[in-house]
1. Ranked by Cβ crowding within 10 angstrom, fewest neighbours first, how are 199, 264 ordered?
2. Output the 0 to 90 degree angle, nearest 10, between the alpha-carbon long axis of helix 304-321 and the longest principal axis computed from the alpha carbons of the chain.
3. Which value, in debye to the nearest 20, gives the size of the charge dipole of the range 137-321 about its Cα centre, when Lys and Arg are +1 and Asp and Glu are -1 at the Cβ?
4. Calculate the dipole size of the chain relative to its Cα centre from +1 charges on Lys and Arg beta carbons and -1 charges on Asp and Glu beta carbons; express the result in debye to the nearest 20.
5. Taking other Cβ within 10 Å of each residue's Cβ, how do 207, 6 sort, fewest first?
6. Can you find, among 74, 101, 144, the residue sitting farthest towards the positive end of the charge dipole of the range 56-146, where Lys and Arg contribute +1 and Asp and Glu -1 at Cβ?
7. Using R₀ = 35 Å, calculate the FRET efficiency as 1/(1 + (r/R₀)^6) where r is the Cβ-Cβ separation of residue 79 and residue 30; round to 0.05.
8. Order of 129, 152, 80 from fewest to most other C-beta atoms within 10 Å?
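What follows is calculated from the coordinates using simple rules that are stated; it is not laboratory data. These figures come from a predicted structure and were not determined experimentally. Methodologically, a virtual Cβ is constructed for each residue, glycine included, from the backbone with ideal geometry; neighbour enumeration extends over all protein chains shown.
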Amino acid sequence: MGKDKILEEKLSKIIAEEKPDLIDVQGVEFSFGESVMNVNPPCPVTVTLQGMTGGIADIYTKGMPMKELLFGRSSYDNKHLSGILERKVMMKIRAGKSDKIIKKAKYCIGRTHYDKAEALKINPHIEYHSCNRILRSDFYSVEWDIKNANPHKLFGIRSETPAKGLHYAVKVIAKLKEKYPDVLLEVPGGFRIAEDDSTIASYPKYIKKLIEEYGVKDNIAFLPSLNPAEIIEHMLSSRAFWQYSVMENSPNSLAEAQVMGVPTVASDVGGTSSYSEDGVSGLLYDLENTDECAEKISRIFEDDELCLSLSAKGKEVAFERHDVRKNTDKLVSIYRDIVSQ
């Protein structure tokens, strides 16, 4: 008996014993959601949308030179069959599974204009409900102060895959270095480029090559995985938070920066503009326009009044969007509405 069938038998038993009023499948990227659908529970099932895998799969290698994809493989990738192209194929497979689950679903819960459009494109008959996230509690009680921020330091995002866009960020840092020799981008998440070819995958290998090519070794610091307190410490000492992703749906890191009052600059991709209004609660730029990105970061470095305005408005809209009580009540209301049908 396959793993999926075993899982479905277990789910059937649990559902029969617990008799839930509703089942909420958190994320549709994995086969668990399909197993829930296959069980055909007697109660309604909704899916909560997260990363929208199909959109990520389509642009997974955007900005990566074809010669790097074909010939830049590391020996680690060859040994483990874990190169960028293999990962793109796996992402496509996951996207197919997520599309199948959304097509079967009658209800879904999302947060952005992007996930709503994508869900309705996959299943025009799905009933879409909107409910924003509640962030980690650590971030609500902290406030950024421009006086304590390094004037040329940026805090970035986890960057282990091409979809996170670090290859674009390296080129922007090179442009900024011409004007700000001390510019620094901190990259959290334990991204490893120091090891030899046999221990790192091809994407870190490519980033290492870019850093050497553009001469920015001293301008990008790779941090380990950080707990919330450590993230807060690094954000508070930064002039801005920078999202350089190739695709995002509802970026939690951006929201956490905003709720702390950290000025933000972000690639205008996916659902990001549902979180940040350009020039008001953050700065947005076209992903592939590295000149525009460098110019907007320069504005943040140069203009204290702009920083303070972005900080105040970003914090205001983030507190409204991620209000704990309001979002809790909203989710309960959605559940009741679905159950009542």
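1. On the way: 199 12, 264 27.
Ordered from fewest to most neighbouring Cβ atoms within 10 Å, 199, 264 come out as 199, 264.
2. Between the helix axis and the principal axis of the chain, the angle is about 10 degrees.
3. Numbers: 19 positive and 31 negative charges, 64 e Å.
Taking the Cα centre of the range 137-321 as origin, the dipole is about 300 debye.
4. Numbers: 46 positive and 51 negative charges, 217 e Å.
In debye, rounded to 20, the chain gives about 1040.
5. Numbers: 207 23, 6 11.
Neighbour counts put them in this order, fewest first: 6, 207.
6. Comparing the listed Cα positions along the dipole, 101 ranks first.
7. On the way: r = 26 Å, r/R0 = 0.74.
So, using R0 = 35 Å, E works out to roughly 0.85.
8. Details: 129 19, 152 22, 80 11.
Sorted ascending by nearby Cβ count, the order is 80, 129, 152.
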